[in-house]
Amino acid sequence: MKRSLKIVSTAVGLVLGGAIGFYLVLPSLDRDPDGIVFDQFEQKSAGIIAPNVRNNTPAPSSDPFEELRQAIAKALKDVPARYNAPEKLQYGRSTEISFVLEPKGVGTGADLLRNLPGTVRTQNVRVSNDVRAYLTGPDGLVEIKPRGGEDVQRKAITLEETVQWVWDVKAVGEGTANLTLELLAYIDFEGGQKPLAISTFRQPIEIEISPIDRIGILFSGWRPVLEIIGGIGAIGGPLVALFGWWRRSTNRVRVQQFADSQEK
């Protein structure tokens with residue numbers, strides 16, 4: 001009996017000793033000397049069993065737009081801006097609207113808007129080294145022409161010069177024209193330059209029409225009819241003259257015939 005108990009206690013001791021030893025050795029197997037951590041599970045690839053290695057370098061972002069966001073943040077900078085916003089447009093007349101960037105500081109472009117119609121408004125905008133500005137409005141109400149043409153509307157932005165865009169806006173209709181001014185910034189991305197809409201300004205402007213202009217609009221609506229009447233008049237004049245000549249000639253012949261009959 002004593003011998004059986006001794007055998008059992010020995011077996012239990014061996015089991016406990018092995019378990020403790022395995023527990024102490026296991027952490028040292030989980031990390032190599034270079035600090036690369038091995039997962040506790042294995043990956044099977046092409047028939048070869050290999051540990052899944054995870055290093056301490058952060059995994060790349062799964063967001064496909066992260067690189068674009070970083071390029072935008074790197075390219076854009078805050079710049080003060082100002083522009084004039086007319087309250088009204090006079091029918092048939094052109095009004096100057098100007099937008100100015102002030103890279104040298106607030107107020108450095110104020111003189112460029114002096115004496116222009118409307119209220120001067122200021123705001124900070126984010127721009128890149130190349131910016132294009134557009135001013136658009138509803139067809140049939142306004143005609144917008146950029147000074148210098150479309151080819152010079154993309155401008156380089158530096159810290160040494162004030163940058164200005166100017167448009168001539170002519171009212172050609174009746175109502176309220178909603179004008180939209182949009183800025184596009186060009187940023188370097190993937191080996192080229194990509195346009196990015198950065199700021200949009202909207203301004204409703206009422207179009208005023210004087211009584212004389214309203215009469216002109218009324219007559220302009222009748223212009224096709226008047227042109228037709230004028231054309232008929234141009235053709236009818238010679239016809240009337242020809243008819244008068246024919247009647248006079250006929251009357252002279254009749255008078256002569258009557259005189260000849262009386263003599264007989």
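Computed from the coordinates by the stated procedures, all read-outs in this text should not be read as laboratory data. All of these numbers come straight from a predicted model, not from anything done at the bench. Cβ atoms come from the backbone with ideal geometry, glycine included; neighbour counts cover every protein chain shown.
Got a sec? How would Leu184, Leu135, Leu159 order by Cβ neighbour count within 10 Å, fewest to most? Numbers along the way, then the final one.
Working: Leu184 19, Leu135 24, Leu159 9.
Least crowded to most crowded, the residues run Leu159, Leu184, Leu135.
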Relative contact order for region 66-209: what is it in percent, counting Cα pairs under 8 Å that are at least 6 residues apart? 30 percent
Let me make sure I get this right: for region 74-144, a, b and c are the square roots of the gyration tensor eigenvalues over alpha carbons, sorted descending. Under 1.5 in a/c it's rounded, otherwise prolate if a/b > b/c, else oblate. Which is it? oblate
Read phi for every residue in region 206-213 and hand back ³J(HN,Hα) as whole Hz from Karplus 6.51 cos²θ - 1.76 cosθ + 1.60, θ = phi - 60°, with x for Gly and Pro. 7, 9, 8, 10, 6, x, 5, 5
For region 66-209, the charge dipole (Cβ of Lys, Arg +1; Cβ of Asp, Glu -1; about the Cα centre) points to a positive end, and the Cα of Ala81, Ile198, Val106 closest to that extreme belongs to Val106
Would you mind computing the Rg to Rh ratio of region 66-209 from its alpha-carbon coordinates, Kirkwood style for Rh? 1.00
Under a crude label model (7 Å from the Cα following the beta-carbon direction), how far is Glu174 from Arg202 in nanometres? 2.6 nm
What FRET efficiency comes out for Glu87 versus Asp151 if R0 is 25 angstrom and r is the Cβ-Cβ distance? Round to the nearest 0.05. 0.20
